Amino acid sequence: MNIKKISQLANIKLTPEEEKTYSTQIENIFNYLKVLETVDTKGVSPTFSTTNLTNQTRQDIPKPGLVLDGYIIAPKTIHKE
Amino acid sequence: MRKTIRQLQSDLLSKKYSAKELVTDYNQKIVKHNPILNAFLTTTPDLAIKKAEKVDQKLAENKPLLKLDGATMGVKDIFLTKDIRTTSGSKLLENFVPNYSSTVYERLENSGAIILGKTNTDTFAFGGSTENSGYGPTKNPWDISLVPGGSSGGSAVSQVANLATFNTGTDTGGSIRQPACLCGVSGIKPTYGLNSRYGITSMASSFDCPGVFANTVEDLALLTEVTAGVDTHDATSSPLPVPEYSDLLSSVNLKGLRIGLPKEYFTDPLDPETKQKILEAVKFFESQGAIIKDVSLPSSNLGIAIYYILVPSEISANMARYDGLRFGSSKKDVTDLWDYYQTTRGKYMEPEIKRRILIGTYLLSAGYYDAYFTKASQVRTLIINEYKKVFSEVDILLTPVSPTPAWPIGQKSNDPLAMYLADIYTVCVNVAGLPSLAIPCGFNSLNLPIGMQLIGNYFNESKLFSVGHQYQQATNFHLQEPKL
């Protein structure tokens, strides 16, 4: 596992110690996950929702939204001369 | 003494004490015991007193009480509570005060429940011992050197230490049932979709299930009829009508009830004393005329693997919103936007958050998606099919909750896999989305509580409550209190 690449994809800066610890722990967990390789799933459709209750949308009637009294102050992250 | 919500309301109506006296007593108990137990992260004593005064005014004017008037609650700190700090057990949200409330909390509040504070949890509910909290572990009142279980450990401890009438929790892989078991209280993980997930910091959206802890199953039934039901803010919430569960507590006849014992739940690593107490509960039901059947759920041993593929995958997506820009703590001395994201997340996320995001990111990355995510979703179907088959043969399943009673703080904290395996008897229920009730069924030789789990078919909560209530009418394990 390329921990540097994964942490970059995940947008988390890791210290060198963290990289070492997580690599070992995650390899260990992945070895355990291999148990699924032995299961025959040919022709089985995957489940993404257990109760099939998806998109229980309400009627499209306007309602008041959340009101923010003030502004969101974010730090300056674009540095242009 | 453990009182049900109805007993408490009857005391208020007969003027045994006022709501203000009751709430003051709870506030004082929290001040006294919380420094040791660390069950609450935030308390709201003044707000609670104000609400109690309103109940007293209502009583003075002889106005009818709402279902939960006078009942006090601890709210797991991943439920958003408007104007009350909500940390999710993480330093990432140390100073976050939400501007809206979660549906479950709002419904409890609208029915009269009085919030006393927010309870400790593993960071973002990631864990099974409450040790992953950014605010220190919660201690088990039966022995403060032991974990209370988790992730809803603060709520379970508040319940058993009698620091609130009831407490809310969430259960993604056992996070209500397992701490209920390790602390010796009653807890319900309803069918997926029965309680709205709106306003609860998301962990794994196809697994997360809000629920409650209470002193009795009777209270769990009453609370669930308040919290359950369709919510237009949660597109996976169930539109089915919600029964008045508390009126159906005697609806199941134990004589002839078919109880299944899945053999996969009674083998290694089950602790012998736990097994013995579970089998004594089985004997009780048998003596009441229930039909005990041995059944098999052959894929149960795959539950943890499915769970630790699908859940971290969903977590890595859900946690992407914590970029430090809109809410939460953030690093200010950064060079550009990416540096800002990465430094903020690197600095403020607890180790278990990082671990799970990294696992999920890897699993969903190009080349691995089919081998892991698709495969685990297919095995999820197999697990569901096995439960469906078993529920054509029996009415409910009776199993252990945790393979062992509470373990020492620190014992598993450096071995994430060992910690994950503690959920071996609870995760499959979440993989399938079924309802499950955890109730105390005895104590071991060290006087630590042991619990059992009653698993029902989809939306069969009323059956679980009725069976659990009848068991509690004949036993008193759920009424035992630790010395504080």
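Points worth noting:
- Looking only at segment B:374-419, and only at residues there that are over 18 Å from B:Asp271 (Cβ atoms), modelled with pLDDT under 95 and not acidic (Asp, Glu), the one that is surrounded by the most Cβ atoms within 10 Å (Cβ to Cβ): B:Pro416
- The single condition among (1) part of a strand (DSSP E or B); (2) under 22 Å from B:Gly187 (Cα atoms) that B:Ser88 does not satisfy is (1).
Residues checked against (1) small (Gly, Ala, Ser); (2) buried (at least 24 other Cβ atoms within 10 Å of the Cβ); (3) at negative phi:
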residue: B:Pro148; (1), (2), (3): no, yes, yes
residue: B:Ser151; (1), (2), (3): yes, yes, yes
residue: B:Ala161; (1), (2), (3): yes, yes, yes
residue: B:Ile176; (1), (2), (3): no, yes, yes
residue: B:Ala204; (1), (2), (3): yes, no, yes
residue: B:Thr216; (1), (2), (3): no, yes, yes
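- Enumeration of residues in segment B:350-376 that are among the hydrophobic types (A, V, I, L, M, F, W, C) and within 7 Å of another protein chain (Cβ to nearest Cβ): B:Ile357, B:Leu358, B:Ile359, B:Ala376
- Selection within segment B:12-54 - within 26 Å of B:Ser90 (Cβ to Cβ), touching a strand residue (DSSP E or B) at 6+ places or on another chain (Cβ under 6 Å) and not aliphatic (A, V, I, L, M): B:Asn34, B:Phe40, B:Thr42, B:Thr43, B:Thr44
- Only one entry of A:Ile6, A:Ile29, A:Ile12 meets the criterion of being part of a loop (DSSP other than H, G, I, E, B), under 25 Å from the mean Cα position of the chain (by Cα) and either among the β-branched types (Val, Ile, Thr) or at pLDDT 90 or above (or both), and that entry is A:Ile12.
- Only a single criterion out of (1) crowded, with 21+ Cβ neighbours inside 10 Å; (2) in contact with a Pro (Cβ under 9 Å, 6 or more places away or on another chain); (3) closer than 22 Å to B:Phe166 by Cβ is not satisfied by B:Thr475, namely (1).
- Scanning segment B:351-372 for residues that are surrounded by fewer than 19 Cβ atoms within 10 Å (Cβ to Cβ) and either in a helix (DSSP H, G or I) or touching a residue at least 12 places away in the same chain (Cβ under 8 Å) (or both) yields B:Pro351, B:Leu364, B:Tyr369, B:Asp370, B:Ala371.
- Residue under evaluation B:Asn110, criteria (1) within 14 Å of B:Ile200 (Cα to Cα); (2) without any contact (Cβ under 8 Å) to a residue 60 or more places away in the chain, criterion not met: (1)
The values are calculated or read from the model by the stated rules, or taken from the named source; none is laboratory data. Please read all numbers here as calculations on a predicted model, not as lab measurements. Note that each Cβ is placed from the backbone with ideal geometry, even for glycine, and that neighbours are counted across all protein chains shown.
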